[in-house]
Structures are given as structure tokens and as C-alpha cells.
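One structure is given here, and the rest of the page talks about it.
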Amino acid sequence: MRWIKSKWDLLVKENDNPHDIAIGLSIGIFGGIVPILGLQTILVIGLLWISRRPNYAAAMLSSCIMNHFTILPILYMDYMVGILFIPPKKPLDFISIKQLIADKDITQLFYVGKGIVYPMLLGGVICGLVISILVYGITFYLVQFRKARKSN
């Protein structure tokens, strides 16, 4: 917990305004949730490039949200949201997705079929947008609060 607090303090100590820090963090979260494995950093860099003065450090740190520990729950969440909009012939459960990931190289997951890939991509974009908006609001408030408290 102390490590997270020290990294948070490092981000907030920068001279960026709360909007720049919050937009950087939310861009990184979005890029980390969209299931384009291996291309997430490129997506984040592209979004940073078109954004107005985001915090690059916050974006790069938060894009690491998908890692070996979180990949399965994030992909499952993306898939479950995606099948609400693109229903497959036979939906997969958590164990099936876990087995699919374990049996194949993770980069090969997207060659399995459009019944899995398209819902997962759409669900990733939807989840990424919703979570990024929430992260933006929470981060903006927390950074403003922290900077106001430090100035007093």
C-alpha cells in the first residue's frame, strides 16, 4: 500500500493540472482494458498523441492494468459485456475462456473465431470507456483534493 501511495504522490507532485493527470490515467486504463494484446501500448501512445496535454507517466503506468494476474478476469469481463451486443451461438463460461487461454498462445486467441473475438473487442471498448470515465472523475477529484490539502 505504501508503494502505491508513493507512486500516487509522485504523479500528483508533477506540475500538471488535475485534468492532465486524470486524462492520462484514464487513457492508460482504456488502453489496458481493450483486448488488443501486444498493441495496447501503441493504442495508448496514439491516444496520448491526439489528446491535449495528458500526463504521459500516468498513462503508461495505468496501461499495465492487464498483466498475468488480471488478464483472465479482464478478458472474461470484456467477453461477457460483448455478448450482450453480439450474441454467439454458444457462449463460453469462465472455465472455457481460461482453458482457451491456457491451451493456446495468448496471441493466437484472436484467431479462434469471430464468435469470441468480436464480442471481446466490443466489450473491451465498452468496458474501457465506462471504466475510463469513472477513473477520470475519481482521479480528477482526488488530485484536486490532494493539491488543495497540500496548499493549505
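The values are calculated or read from the model by the stated rules, or taken from the named source; none is laboratory data. Computed from a prediction, not measured in an experiment: that's the story for all the values here. Heads up, the Cβs are rebuilt from the backbone with ideal geometry, glycines too, and the neighbour counts pull from every protein chain shown.
Here are a few things to note about the model shown:
- Residue list for region 22-61, filter: in contact (Cβ under 8 Å) with a residue 60 or more places away in the chain and on the phi > 0 side of the Ramachandran plot: Gly38
- Scanning region 126-152 for residues that are more than 27 Å from Ile83 (Cα to Cα) and part of a helix (DSSP H, G or I) yields a total of 15.
- Test result for Ile23, surrounded by 14 or more Cβ atoms within 10 Å (Cβ to Cβ), modelled with pLDDT of 85 or more, under 24 Å from Gln144 (Cα atoms) and among the aliphatic types (A, V, I, L, M): yes
- For the residues Gly128, Gly124, Gly82, the requirement of being in contact with a helix residue (DSSP H, G or I) (Cβ under 6 Å, 6 or more places away or on another chain), over 30 Å from Asn17 (Cβ atoms), at pLDDT 90 or above and among the small types (Gly, Ala, Ser) singles out Gly82.
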